[in-house]
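What follows is a short report on a single structure.
Each reported figure results from applying straightforward, stated rules to the coordinates on display, with no laboratory input. Remember, it's a predicted structure, so these values are computed and weren't measured experimentally. Neighbour counts are summed over all protein chains in view; Cβ atoms, including those assigned to glycine, are modelled from backbone coordinates with ideal geometry.
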Amino acid sequence: MSGGFDSRVAFYYAPAEDDPLWAAAADWLGRDPASNAPRPQPELPDIAAITTDARHYAFHATLKPPMRLRAGVTWADVTRTARDIAAAIPAFDLPVLGVADLHGFLALRETTPSPDLQALADACIAGADHLREPPDAAELAKRRGKGLPAAQDANLVRWGYPYVFATWFFHMTLTRRLTLVEAALYRPAATAHFAAALAQPRRVTDLCLFTQAAPEAGFTLAERIPLRG
């Protein structure tokens, strides 16, 4: 794999494939991002449409957001960088997660802050930045939308993404932005759907590399890079 407009790479956290949370999320979103196979979703009104974007990006928490690779960057460069980052980060316990409202979206959020998660995200942002092709003017304009606070705009220009370091926050997206009526249905449904999986403890033991082969393609799991210990 090499750099180019039609391929993107992201550094994600995702649960292990034998973790019940992986299966619960694949069913909720309607796609398994390891096999890229469709999965039957819960019988809820319009769930396929409500989960379209989340299904496209795959179930994950962003560590280094999707990026086009600089010209000349190879897949070996990506995996070498990921191994260097992972070798400096010990495995750690993930805080208990819960279904939360995030600016109108539903997402899984940690119930207590995690300095370990923050350290992993910070290391990925800084440590993998040499791989990234900077966004062009059109991409910057799209990200800015109706305007960003000064700190987030500065992050966008420097790092290609507004939510890094002090503005980063852990979230695993489950839906698009919902109306109040939709939220009244979907939040309790998601809470029930994920309850058994979220009741189990889990550790963050690896860094996941996800790839997108073409602009309309869904992101798929390409490789897991073990953390230290």
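To test your reading of the geometry: what angle, between 0 and 90 degrees and rounded to tens, separates the Cα axis of helix 75-87 from the longest principal axis of the chain?
Approximately 70 degrees, to the nearest 10.
For the chain, what does the helix formula give at 222 nm: sum of -39500 (n - 2.57) over DSSP H segments with n ≥ 4, over the residue count, nearest 500 deg cm²/dmol?
After summing the helix terms and dividing by residue count, I get -11000 deg cm²/dmol.
Give, in nm to one decimal, the length gained when the segment between Asp122 and Ala151 is fully stretched (0.36 nm per residue of separation minus the Cα-Cα distance).
Stretched out fully, the Asp122 to Ala151 stretch lengthens by 8.9 nm.
Run through the range 42-141 and list the GluC sites (Glu not before Pro) located in a DSSP loop whose Cβ has at most 11 other Cβ atoms within 10 Å.
Answer by residue number: Glu43.
Roughly how compact is the chain, stated as its Cα Rg over 2.2 N^0.38 Å to two decimals?
0.99
With the crude spin-label approximation of a point 7 Å out along Cα→Cβ, what separation in nm comes out for Arg176 versus Ala76?
Distance between the two pseudo-spin positions: 4.3 nm.
With a cap of 10 neighbouring Cβ atoms within 10 Å, and only residues DSSP puts in a loop, list the GluC sites (Glu not before Pro) found in the range 146-229.
Hits after loop and neighbour filter: Glu216.
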